[in-house]
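The values are calculated or read from the model by the stated rules, or taken from the named source; none is laboratory data. Predicted, not measured: the structure shown is a model, and the values here were computed from it. Neighbour counts are summed over all protein chains in view; Cβ atoms, including those assigned to glycine, are modelled from backbone coordinates with ideal geometry. With ligands, DNA and RNA removed, areas are computed over all heavy atoms of the protein, side chains included. Shrake-Rupley method; radii C 1.70, N 1.55, O 1.52, S 1.80 Å.
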Amino acid sequence: MINPQIPVRPAYFQDQFGRSKRKLRISVTDRCNFKCVYCMPEHPEWMKKHQLLSFEALLQFCQLMVEQGIQHIRITGGEPLMRQGVVHFIRDLQPLRQLGLARISMTTNGHYLSRYAQELKQAGLDDLNISLDSLDPQQFFTLTQKQLQPVLDGIQAAQQAHLPIKLNSVLIKGINDDQMVPLLQWSKARQIALRFIEFMPLDGDGHWSAAHVVTEQEILQRLSQHFPVEAIHSQGANPAREYRVDGHPVGIISTISHAFCGQCDRLRLSAQGELYNCLFAEQPVPLKVLIEQLQTHTAPVAREQLLQQLQSYIWQKKAGFHAIHSQATTTAGSTRKISMYMIGG
Ligand code: SAM
Ligand code: SF4
């Protein structure tokens, strides 16, 4: 969290709509042990090991980004706990707090958390988002091709390690939209904040259709049949719209029905060093070569080139999801093949 003794750095990166960049999401691997229907393709082609940025190179990049005003780093994937060395990486990020890094988070499917929760806490992780789309073991298996119990054990381990948690639930019509009420009751009983995420067109095999999306309005309608629902109007750069349902904090990330792009302050780096100025960007900027040069004798030149490329690419960030999506669907031959497991969500 923000340390009052460390002055907040000005945000160096701004886009053409005046949105400053304060958050960086880093995918440390595209690999995953789950096969979520809304994310992973049937036949994923994993990146090769040599294509991944090393943690040493990533650390240099993180330092440069924090010096330019990034305050929050989120580690994601694929499944970040599948990349060996990720706990050490979190430990190695700690000195960046002196430069203005205020928060280090992780998004995980929770499967390996029983093993790692305590180590992550000790390494200095601030908080976790854990994906949990169903409390029904059979339905969970249909959604992910994995067992539910290790995830529930992982959530418990994270709580025992005193890591603050949010649960992320993607709802798909006709598949797990019956889970809204059980998830609310379950998370409330354990005092874990819950966020519903509208299904986005970022699934690996491109089967998304608007008919599968459970919208914010539908979620609120269903929940209000069972519980009192109170809106908390504080979106800002937060992608979720916040509510209290039966007194419990519930966020809804309604990218499809209410895109939150107006104040987006995020950047995303893929595991192979491609920067995306938006989750839906048609083209990333490939930075791996320059990032790797930050560790060599040509570092000062690489640093200048990186800053130039970053500034110019970030400046071009489009208005948001609706602008990009409508362009992609009206332009014949949109070539974007990237899906959530490659870019990190
Ligand atoms: N494997 C980790 C996990 O599942 O939490 C981290 C990576 S995952 C890509 C990050 C987040 O993206 C998860 O909360 C997941 O539910 C969400 N996600 C994946 N595909 C999605 C889609 N098509 N629409 C909406 N959210 C999606
Ligand atoms: Fe893996 Fe996360 Fe994608 Fe599920 S959402 S397949 S857990 S990367």
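Candidates in segment 199-226 are the residues that are hydrophobic (A, V, I, L, M, F, W, C) and surrounded by fewer than 17 Cβ atoms within 10 Å (Cβ to Cβ); of these, the one that is nearest to the chain's Cα centre (by Cα) is Ala210. Asp133 passes every criterion in (1) within 28 Å of Tyr12 (Cβ to Cβ); (2) of a type in the set (D, E, K, R); (3) crowded, with 23+ Cβ neighbours inside 10 Å apart from (1). Condition (residue is within 16 Å of ligand 1 (Cβ to nearest atom), open to solvent by 10 Å² or more (accessible area, probe 1.4 Å) and not β-branched (Val, Ile, Thr)) applied to segment 58-67: is it met by at least one residue? No - not one qualifying residue is present in segment 58-67.
Results for (1) within 16 Å of ligand 2 (Cβ to nearest atom); (2) part of a strand (DSSP E or B); (3) among the β-branched types (Val, Ile, Thr); (4) touching a Cys at 6+ places or on another chain (Cβ under 6 Å), shown as yes or no for each residue.
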site	(1), (2), (3), (4)
Arg9	no, no, no, no
Gly18	no, no, no, no
Ile26	yes, yes, yes, no
Arg31	yes, no, no, no
His43	yes, no, no, no
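Each residue in segment 38-53 was checked for being more than 16 Å from ligand 1 (Cβ to nearest atom) and either at pLDDT below 90 or surrounded by fewer than 16 Cβ atoms within 10 Å (Cβ to Cβ) (or both), and 6 pass.
For every residue, the table says whether it meets (1) outside any loop (DSSP other than H, G, I, E, B); (2) loosely packed, with under 14 Cβ neighbours inside 10 Å; (3) at pLDDT 80 or above; (4) more than 16 Å from ligand 2 (Cβ to nearest atom).
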{"site": "Pro300", "(1), (2), (3), (4)": "yes, yes, yes, yes"}
{"site": "Tyr313", "(1), (2), (3), (4)": "yes, no, yes, yes"}
{"site": "Ala319", "(1), (2), (3), (4)": "no, no, yes, yes"}
{"site": "Gln327", "(1), (2), (3), (4)": "yes, yes, no, yes"}
{"site": "Gly333", "(1), (2), (3), (4)": "no, yes, no, yes"}
{"site": "Arg336", "(1), (2), (3), (4)": "no, no, no, yes"}
{"site": "Met342", "(1), (2), (3), (4)": "yes, no, yes, no"}
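When Phe196, Phe140 are screened for being open to solvent by less than 40 Å² (accessible area, probe 1.4 Å) and closer than 19 Å to Arg244 by Cβ, only Phe196 passes. Considering (1) modelled with pLDDT under 95; (2) open to solvent by 60 Å² or more (accessible area, probe 1.4 Å); (3) in a helix (DSSP H, G or I), the lone condition that Ala323 does not fulfil carries the number (2). Whenever a residue of segment 184-205 is on the phi > 0 side of the Ramachandran plot, it has no partner that is among the charged types (D, E, K, R) and open to solvent by less than 20 Å² (accessible area, probe 1.4 Å) lying with C-beta atoms less than 8 angstrom away and at least six residues away or across chains. Is it the case that Gly251 is open to solvent by less than 20 Å² (accessible area, probe 1.4 Å) and among the small types (Gly, Ala, Ser)? Yes.
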